[in-house]
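> After the structure tokens below, expect a handful of questions from me.
The values are calculated or read from the model by the stated rules, or taken from the named source; none is laboratory data. Note that the structure is predicted; figures quoted are calculated from it, not measured. Positions of Cβ are backbone-derived with ideal geometry, glycine not excepted, and every protein chain shown enters the neighbour counts. Heads up: the accessible areas ignore ligands, DNA and RNA and are worked out on the full protein's heavy atoms, side chains in. Shrake-Rupley method; radii C 1.70, N 1.55, O 1.52, S 1.80 Å.
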Amino acid sequence: MNWRKYLWIWPILYFALGMFNIIFAWLGMIDFMLPLIFAIFGGNKYFCNKLCGRGQLFVFLPKKFKCSTGKLAPRWLSSSWFRYGFLVFFMAMFCNVIYQSWLVFGGVRSLRETVKLFWTFNIPFGWAYTLGTVPDWAAQFSFGLYSLMLTSAIIGLIVMVLYRPRTWCTFCPMGTMTQLICKLKAGSDKPLP
Ligand code: SF4
């Protein structure tokens, strides 16, 4: 059995586990670290090509439920300025998640048991966490990372429906970052003239 064919289950499981207990959101770090590890040490996009559950899910859903128009996405979505701009924005939001956790760690502010959708809308999420289970900063990081993962998944689903199934992959921050690393590596591996 080829287990990699079933990796589309992973993002569904991830969000379900997070609703049950937000601490499971930490598992999202696997999706942050693995693509970088393959790109930095292997110089390749093995994660995107073979292991990404989210990428697989965006293929699986339209195949199963015919829920994608299949239209070509506007060109600006795959333009360099948008892809790199979105990468910078996304990383800034990720840094903000770390910063907010740091503030909670330092006692500057208290734990907020909310999930922030589209970096704007606070959804009460206290039912997915029991105070004191882990240090407050670790819980804050969970809420922040889950917010980031859920927001990006919803954006991915929207563009999947509106355009081609894997439109998200054209501007996915992890895809852009690993592509950049692979390019830099390919350049640095060239023998000196
Ligand atoms: S571009 Fe992003 S969503 Fe697409 S396969 Fe790569 S990591 Fe996954």
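> Just tell me which lysines come within less than 27 Å, Cα to Cα, of K183; anything on the same chain fewer than 8 places away is out.
Leaving aside lysines fewer than 8 places away in the same chain, those within reach of K183 are K45, K50.
> Want the number for W26 to A138: 0.36 nm per residue separation, take away the alpha-carbon distance, what's left?
Working it through step by step, the gained length comes to 39.4 nm.
> A further question follows. Mind pulling the angle between the C-alpha long axis of helix 173-189 and the longest principal axis of the chain? Nearest 10 degrees, somewhere in 0 to 90.
Roughly 50 degrees between the two axes.
> OK, next. Once the Cα atoms of helix 28-37 and of the chain are each reduced to a long axis, what angle between those two axes, in degrees from 0 to 90 to the nearest 10, is obtained?
Relative to the chain, helix 28-37 is tipped by roughly 30 degrees.
> Of P35, T114, Y6, which is farthest along the charge dipole of the range 3-185 in the positive direction, counting Lys and Arg as +1 and Asp and Glu as -1 at C-beta?
Ranked along the dipole, the leading option is Y6.
> Also, quick follow-up: What is the percent carbon and sulfur in the accessible area of the chain, measuring with a 1.4 Å probe over the protein chains and ignoring ligands?
71 percent
> Computed over the Cα atoms of the chain, what is the convex hull's projected area averaged over all directions, in nm²?
14.0 nm²
> Moving on to the next point. At a Cα cut-off below 18 Å, give the lysines reachable from K71, other chains included and same-chain residues fewer than 8 away excluded.
Within reach: K63.
> Taking a probe of 1.4 Å, how large is the accessible area per residue of the chain, in Å²?
Using a 1.4 Å probe on heavy atoms only, each residue of the chain averages 58 Å².
> Here's a follow-up. Distance between Cα centroids, the range 31-76 to the range 136-165: provide it in whole Å.
Rounded to whole Å, the Cα centres lie 14 Å apart.
> Using 0.36 nm per residue, how much length does the chain from F89 to W76 gain when fully extended, once their Cα-Cα distance is taken away?
3.0 nm
> Can you tell which of G156, G43, G55 shows the greatest fluctuation in a Gaussian network model of the chain with Cα springs below 10 Å?
G43
> Using a 7 Å offset from the Cα along the Cα-to-Cβ direction at both N96 and C67, what is the distance between the two label points in nm, to one decimal?
Between N96 and C67, the label points sit 2.7 nm apart.
> From the residues W168, S101, L72, which one has its Cα farthest along the dipole of the chain in the positive direction, the dipole being from +1 and -1 charges on Cβ of Lys/Arg and Asp/Glu about the Cα centre?
L72
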